[in-house]
Amino acid sequence: MNETSSQNGYFSNENGYNQGEHISASLIFENLIWLSTEEAARLLRRSSHALRQLVYKGKIRPRKFGGRLYFKRSELNELIETSFY
């Protein structure tokens, strides 16, 4: 179990013990390193189709885990910073 996930939505440490603090969905989203296609599209304020077009053009590098595409948040932030997409 990692630090930002648990079945009941509470913050858990490495040992799985609840610390009693509820984490909102936006806070979890802010701490994610890897984003799904839908999450990455939402971050870029584009459709998932537009995101796939950026992948096709070589502007964004996706990684594939378990048959799904994931995008590194830091690379998306860099794309936003340069704003040439």
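Can you name the residue in the stretch 62-85 that is aromatic (Phe, Trp, Tyr) and in contact with a strand residue (DSSP E or B) (Cβ under 7 Å, 6 or more places away or on another chain) and, of all such residues, is surrounded by the most Cβ atoms within 10 Å (Cβ to Cβ)? My answer is Phe71. Within the stretch 40-61, can you find the residues that are free of Cβ contacts under 8 Å to residues at least 12 places away in the same chain, surrounded by 15 or more Cβ atoms within 10 Å (Cβ to Cβ) and either in a loop (DSSP other than H, G, I, E, B) or among the acidic types (Asp, Glu) (or both)? Scanning the stretch 40-61 gives a single hit, Arg46. Out of all the residues in the stretch 42-57, is one or more out of contact with any helix residue (DSSP H, G or I) (no Cβ under 6 Å at 6 or more places or on another chain) and either at pLDDT below 60 or among the β-branched types (Val, Ile, Thr) (or both)? Checked the stretch 42-57: at least one residue is out of contact with any helix residue (DSSP H, G or I) (no Cβ under 6 Å at 6 or more places or on another chain) and either at pLDDT below 60 or among the β-branched types (Val, Ile, Thr) (or both).
The values are calculated or read from the model by the stated rules, or taken from the named source; none is laboratory data. Just so you know, these numbers come straight off a predicted model, no measurement behind them. Here Cβ is always computed from backbone atoms with ideal geometry, including for glycine, and neighbour counts include all displayed protein chains.
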